[in-house]
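The values are calculated or read from the model by the stated rules, or taken from the named source; none is laboratory data. What you are looking at is a predicted structure, and each value in this text was computed from that prediction instead of being measured. Here the Cβ positions follow ideal geometry from the backbone for every residue, glycine too, while neighbour counts run over all protein chains shown. The accessibility values were calculated without ligands, DNA or RNA, using every heavy atom of the protein model including side chains. Shrake-Rupley method; radii C 1.70, N 1.55, O 1.52, S 1.80 Å.
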Amino acid sequence: MMGVAISMPVILPLLGAIISLLLPARYNNRIAFIFMLGLVVNAAWLLMHFSAQGPYQQVMGGWTLPLGIALRIDALAIIFSMMSCVVASVCGFYARFYLRAKQLKQFWPFFWFLLTALNTIWLSADLFNLYVGLELLTFSAVGLVALGQNKHALAAALRYLFAALLGSMGYLLGIALLYAQFGTLSLSQLSDAFSLTTTSAVALGFMFIGLMMKTAVFPLHTWLPPAHGGSLTPVSALLSALVIKASFYILLRLWMALPFGENAFVIGSLMGTLGGTAIIWGSWMALNQTQLKQIVAYSTLAQIGYFMLIFPLFSYSDPTANQYALHGGVLMLLSHALAKAGMFLAAGNLLICTNKTDLTSLAGLSRYRPLNIFAFGLAGVSIMGLPPSGGFNGKWLLVQSALMQSKWVWLIIILLGSLLSAAYIFKVFSYTYLETKAGDKFEQPSAMLEWSALSLSVLSILLGFFSVWVLDLLTLAEMRMP
Amino acid sequence: MNSYLIFSYAGVALCGIGVFGFIFHSHLIKRLIAFNILSNGVFLILVGLAQNAQKQPDHLPQALVLTGIVVAVAATALALVLIKQWYAISQQTTLPEDQEHQ
């Protein structure tokens, strides 16, 4: 039973993709509903099994470990697959009302392949399987960006594809070197055999750079703003909320599985420096944008910086600070997924109202669409890290971890980043409160679109109240800490 | 110096050529070819180094490379479709950000 359930998150969306390609387009929405429901039920079942019996690993197809492909359920895997279930359901629902019939027909197969790839990545405990997942993810994400069909979307898709391919090659080269040295690709076997030698250091260097390129960590981020800001709204939400998390997740997995010894401090500080720069640079660039969706896209860059702060805050000497850093980072990842998807959807609704993409045309909208502005604002609260929201709890734990270790630099960067993010979010608000004489010629987005944006934003706030559940799951698992 | 090691060194050389081409060419098709050279280099390293370490043929990296080749073909196909569309819309063979370098 468990063996079936653990493979379902991969098999169901793959079936969905094939069926949605084979059957006429009019069945697509029904298929989506049934399969999404199946995925949610399955995820709930996995969650129950996990909280009752702890982590579970299964090698597929009866092959033993070095050859077979292992899938495993642990706290991180279950949290991330729940997250992608929720965000993808809402984005799919939004897309059904947002996209035209012709776009929708092309959207669904890509959507399902995207979900297959994401779930593969959450569950795999095998480096090469993770590579296959990453590539499938890239292809479906690039396809979704190109759905925009216009000049900007195509250029963004091409730029994204080339950056992602270069990143994958770095990752694959790292795999080649690691396999040559240790003779295994399974993460659990590798973490036992691993030692930091010249070969494995070079291998990890290639893998980390490749993965950071796919996550769009500063300074490898230039492909992100056009791709996330320039694609169709539900696609932007999916990309910003879920796709960049996948490569970061692999980075985090590698970091937790491999013993780095005394080099952990140097590597962590280096990655933290990139993250810190990303926070400041991303927020500053967001503040200087004049297009609504570009602000949200640059805000993602800054938030990626916060995730990177997990690495310098890891420490061997202080297990509590260590735990806080991981818990804070995971909460940041979760609340960003919910809040950023909600924010992109709300921004998309605002753009439907005005039919223009620049900030100045938002004038008067706060009176006309208060619900929508509210959705944008709630997501903004979580992004800024104001209490009570998931973003606040995440930042609070990161701050505490930095305090306990007297790492003041990261503390200052976290606080400065929060101020800057407040600045760019209030900037959007200030435009919506302006009144113009031009008159209010707004179009009205469907209520479904507004409610789906609001639901994600509300969830990102609710995460602030239910953070304990997530943290309990994380503590429950006997996760290997460095 | 055995034949496996020669494969690996050839792979490293191909990777170098690929990365060079990737960075210094802005023509999209040339960049795609550079990606293919790079990926072939990585595959050679993957097969060569693993077998050099074990001094005997190893089937796992061969299976991995087969998968990798399929992925690279899929990537090339996707890129070609996008480049074709891009050319049809913009009449250009480079991306807008790269045009000043020519």
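Tell me, what are the semi-axes, in whole angstrom and largest first, of the equivalent ellipsoid of region A:368-422 as set by the roots of 5 times the Cα gyration tensor eigenvalues? Please report the intermediate quantities before stating the final value.
Details: eigenvalues 156, 24, 4 Å².
Result for region A:368-422: semi-axes of 28, 11, 4 Å.
For the protein assembly as shown, with only Lys/Arg (+1) and Asp/Glu (-1) charged at the beta-carbon, what is the dipole magnitude about the Cα centre, in debye rounded to 20? Intermediate values should be presented prior to the final figure.
Values: 27 positive and 17 negative charges, 268 e Å.
Roughly 1280 debye for the protein assembly as shown.
Counting only helical runs of four or more DSSP H residues, what would the 222 nm mean residue ellipticity of chain A come to if each run contributes -39,500 (n - 2.57) and the total is spread over all its residues?
On the way: 20 runs with 369 residues, N = 482.
Only helices count here, giving -26000 deg cm²/dmol.
Hey, what do the phi angles of region A:457-463 turn into as Karplus ³J(HN,Hα) couplings, whole Hz, using 6.51/-1.76/1.60 and θ = phi - 60°, x for Gly and Pro?
So the Karplus estimates, Gly and Pro as x, are 4, 4, 4, 5, 6, 4, 4 Hz.
Using alpha carbon centroids, what distance separates region A:123-201 and region A:93-117, in Å?
24 Å
For A:412, A:18, what's the largest-to-smallest order of accessible area, 1.4 Å probe? Write down the numbers at each step before the final one.
Working: A:412 105, A:18 80 Å².
Greatest to least solvent exposure: A:412, A:18.
Does region A:413-464 come out rounded, prolate or oblate, given a ≥ b ≥ c as the square roots of the eigenvalues of its C-alpha gyration tensor, rounded meaning a/c under 1.5 and, failing that, prolate meaning a/b above b/c? Kindly include the intermediate steps, with their values, before the conclusion.
Values: a/c = 4.48, a/b = 1.25, b/c = 3.58.
Oblate, since a/c reaches 1.5 and b/c is not below a/b.
Rounded, prolate or oblate: which fits region A:312-394, taking a ≥ b ≥ c as square roots of the Cα gyration tensor eigenvalues, rounded meaning a/c under 1.5, else prolate when a/b beats b/c?
Prolate, since a/c reaches 1.5 and a/b exceeds b/c.
Once you have the alpha carbon radius of gyration of chain A, what is it after dividing by 2.2 N^0.38 Å, with N set to its residue count?
Values: Rg = 21.3 Å, N = 482, 2.2 N^0.38 = 23.0 Å.
Chain A yields a ratio of 0.93.
Going 7 Å from the Cα of residue B:2 toward and past its Cβ, which residues in region B:50-76 have a backbone nitrogen under 15 Å from where you end up?
The answer is B:50-59.
May I ask for the angle, rounded to the nearest 10°, between helix A:75-98 and the longest principal axis of chain A, with both axes built from Cα atoms and the value confined to 0 to 90°?
30 degrees
Listed here are the pairs A:340/A:407; A:102/A:356; A:214/A:245; which of them are more than 21 Å apart at the Cα? Don't skip to the answer; put the middle values down first.
On the way: A:340/A:407 28 Å; A:102/A:356 23 Å; A:214/A:245 10 Å.
Correct reply: A:340/A:407; A:102/A:356.
What whole-number volume per residue, in cubic angstrom, does the convex hull of the C-alpha atoms of region A:282-341 give?
Once divided by residue count, the hull of region A:282-341 is 63 Å³.
For region A:327-373 and region A:1-49, write down the distance between their C-alpha centroids in whole Å.
Cα centroid to Cα centroid, the span is 29 Å.
Work out how much length residue A:23 to residue A:357 would gain on full extension: take 0.36 nm times their residue separation and subtract the Cα-Cα distance, in nm to one decimal. All intermediate terms of the calculation are to be shown ahead of the outcome.
Working: separation 334, 0.36 × 334 = 120.24 nm, distance 3.58 nm.
Length gained between residue A:23 and residue A:357: 116.7 nm.
Sorted from largest down, what three extents in whole angstroms do the Cα atoms of region A:203-320 have along their principal axes?
The principal-axis extents, from largest down, are 45, 26, 23 Å.
Any idea how far the Cα center of region A:66-89 sits from the one of region A:202-222, in Å?
22 Å
Taking chain A as the reference, fit the longest principal axis to its C-alpha atoms, fit the long axis of helix A:151-182 to the helix C-alpha atoms, and give the angle between the two in degrees, 0 to 90, nearest 10.
Taking the Cα atoms of chain A, the angle to A:151-182 is about 10 degrees.
Report the Rg/Rh value for region A:1-123, based on alpha-carbon coordinates and the Kirkwood definition of Rh.
On the way: Rg = 15.3 Å, Rh = 15.1 Å.
The Rg/Rh ratio comes out at 1.01.
Take the alpha carbon gyration tensor of region B:3-101, find the square roots of its eigenvalues, order them as a ≥ b ≥ c, and report rounded if a/c is under 1.5; if not, report prolate when a/b exceeds b/c, else oblate.
On the way: a/c = 5.52, a/b = 2.14, b/c = 2.59.
Taking the square roots of the gyration eigenvalues as a ≥ b ≥ c, region B:3-101 is oblate.
Just the C-alpha atoms of region A:287-482: what Rg/Rh do they give, with Rh taken as the Kirkwood radius? Numbers along the way, then the final one.
On the way: Rg = 18.2 Å, Rh = 17.4 Å.
Rg/Rh for region A:287-482 comes to 1.05.
With a probe of 1.4 Å, find how much accessible area the protein assembly as shown has per residue, and write the answer as a whole number in Å². Don't jump to the answer; show the numbers that get you there.
On the way: 22410 Å² over 584 residues.
Computed with neighbouring chains in place, this is 38 Å² per residue.
Looking at chain A, which longest stretch skips every one of the trypsin sites (Lys or Arg not before Pro) that is in a DSSP loop with at most 13 other Cβ atoms within 10 Å, leaving the sites themselves out?
On the way: sites that count: A:100, A:356, A:437, A:441, A:480.
Result, exposed sites excluded: A:101-355.
Evaluate the distance, in nm, between pseudo-label points positioned 7 Å from the Cα of residue A:11 and of residue B:17 along their respective Cα→Cβ axes.
Reported label-point gap for residue A:11 and residue B:17 is 4.5 nm.
Given labels modelled 7 Å from the Cα in the Cβ direction, how far is it in nm from residue B:53 to residue B:93?
Label-label distance for residue B:53 and residue B:93, simple model: 4.2 nm.
Let me spell out the model: positive unit charges on the Cβ of Lys and Arg, negative unit charges on the Cβ of Asp and Glu, origin at the Cα centre of chain B. What dipole size does that give, in debye rounded to 20?
Values: 4 positive and 4 negative charges, 44 e Å.
So the magnitude is around 220 debye.
Which distance in nm do the two modelled labels at residue A:263 and residue A:371 give, with both placed 7 Å along the Cα-to-Cβ direction?
That separation, rounded to one decimal, is 5.5 nm.
Would you work out what percent of the accessible area of the protein assembly as shown, with all protein chains in place, is carbon or sulfur (probe 1.4 Å)? Walk me through the numbers on the way to the answer.
Values: 15440 of 22410 Å².
Ligands and nucleic acids excluded, carbon and sulfur give 69 percent.
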